[in-house]
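Data first, discussion second: the structure below is written as structure tokens.
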Amino acid sequence: MKYKLYGPTTNKVPWQEGPDAFEGAPVWRYQENPIIGRNPVKNVARIFNSAVLPYEDGFIGVFRGEQTNGIPTIYLGRSEDGIHWDIDEDMIKFVDENGEIFMPQYAYDPRLVQVEDDYYIIWCQDFYGASIGIAKTRDFKTFVRIENPFVPFNRNAVLFPRKIQDKFMLLSRPSDSGHTPFGDIFVSESADMIYWGKHRHVMGPNDKWWQSLKIGGGATPIETSEGWLLLYHGVAGTCNGFVYSIGGAILDLENPSIVKYRCENFLMTPEEWYEERGFVPNVCFPCATVQNTQTGQMAIYYGAADSYVGLAFANTDELIDYIKEHSVVNESDTEIGRR
Ligand code: BMA
């Protein structure tokens, strides 16, 4: 492999060969998409925007489920192959450090990240408006919530899979309480996962139409020899609503507020029926990847049209080359007063 990969790996990465040549980015969809369809679990109408990790002999995941009462919450699921999922009928029950019930009123867009011995779930919830929730578990039986890390409003929290310079690092997207017509990605650090500070700007919307309105973190960044490979979502406004595409960037390994490369082209944009047609049309919303760090095979899990879970594939060497070849880093990727 041209570029080295570090971090979680699996030799069971879901995979289907792609085309020999690409019209755009070297990313292709699973032909049997969507992998999770409507009414997947009792009392759950739709599952989308969900995150998974290799675990034991297979995979484990946290799933955004829209209950039949319309309230989103988080469900745990397991899979042997990363494609067929067995999702719990009961939502995850969160407790505080004393073991007392500590439930969000609603919870959506969960990410799942292992840092050292703990697995963290990070999501968006109601804390007097949209804000970030975090919980940790070691056994996927007890989920202990950490107190609200940020004041409202904020969304799209993505934790780095290891400490950087001995600090936990978290990407987030400060927002408003509604559908937020703006948004940049920031990074914050913490010594203890409780107090967060040293907030820095990472990158903002730019002059490329598909990411001209707002952007937000997507999948857990992947450590590579070129930097942190970040898949994120970029949003454009149309006369008929937002369009969510998948973008790619590479951040500095030791200081991820520095954008080394940022692809000017989207990696994926809604074009299949399950991305264009659904509860919210025209949404590709990446929340996780799993990869084989020895072969570079990568599977991308993304929410489609707020209705389904889709799977796409890439080869990390090809993807990193594509991001580098089409990189345009400009003022929207700098921090005021620093560069
Ligand atoms: C965002 C989030 C996502 C959703 C997207 C498109 O603000 O709420 O959960 O996928 O909008 O509706």
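The values are calculated or read from the model by the stated rules, or taken from the named source; none is laboratory data. Bear in mind the structure is a predicted one, so any value in this text is a computation, not a measurement. Methodologically, a virtual Cβ is constructed for each residue, glycine included, from the backbone with ideal geometry; neighbour enumeration extends over all protein chains shown.
Hey, GLU23 hits all of (1) part of a loop (DSSP other than H, G, I, E, B); (2) modelled with pLDDT of 95 or more but one; which does it fall short on?
Among (1) part of a loop (DSSP other than H, G, I, E, B); (2) modelled with pLDDT of 95 or more, the lone unmet condition for GLU23 is (2).
Which of the following residues is in contact (Cβ under 8 Å) with a residue 60 or more places away in the chain, under 26 Å from ASN39 (Cα atoms), of a type in the set (Val, Ile, Thr) and assigned to a strand (DSSP E or B): ILE83, ILE60, ILE122? Step through it out loud before you land on a result.
Working: ILE83 fails: assigned to a strand (DSSP E or B); ILE122 fails: in contact (Cβ under 8 Å) with a residue 60 or more places away in the chain.
Just a single option satisfies the conditions, and that option is ILE60.
Can you find a residue in segment 35-45 that is within 14 Å of the ligand (Cβ to nearest atom) and of a type in the set (A, V, I, L, M, F, W, C)? Don't jump to the end; show me each part of the working.
Here is the first cut: in segment 35-45, the residues within 14 Å of the ligand (Cβ to nearest atom) are none.
Looking for residues that are within 14 Å of the ligand (Cβ to nearest atom) and of a type in the set (A, V, I, L, M, F, W, C), one finds none in segment 35-45, hence no.
If I go through segment 288-326 residue by residue, how many of them are touching a Gly at 6+ places or on another chain (Cβ under 9 Å) and either without any contact (Cβ under 8 Å) to a residue 24 or more places away in the chain or within 16 Å of the ligand (Cβ to nearest atom) (or both)?
12
Sort out which residues of segment 116-151 are at pLDDT 95 or above, of a type outside the set (Gly, Ala, Ser) and within 14 Å of the ligand (Cβ to nearest atom), and write them in order of number.
The answer is ILE122, TRP123, CYS124, GLN125, ILE132.
If you go through segment 162-187 one residue at a time, how many are surrounded by fewer than 20 Cβ atoms within 10 Å (Cβ to Cβ) and either more than 16 Å from the ligand (Cβ to nearest atom) or of a type in the set (Ser, Thr, Tyr) (or both)?
So the count comes out to 8.
Kindly establish whether THR238 is at pLDDT 95 or above and surrounded by fewer than 20 Cβ atoms within 10 Å (Cβ to Cβ). Give the derivation first.
Numbers: at pLDDT 95 or above: yes; surrounded by fewer than 20 Cβ atoms within 10 Å (Cβ to Cβ): yes.
Considered against the rule, which asks whether it is at pLDDT 95 or above and surrounded by fewer than 20 Cβ atoms within 10 Å (Cβ to Cβ), THR238 comes out as yes.
Could you grab me the full set of residues in segment 290-339 that are at pLDDT below 95 and among the basic types (Lys, Arg)?
Matches in segment 290-339: ARG338, ARG339.
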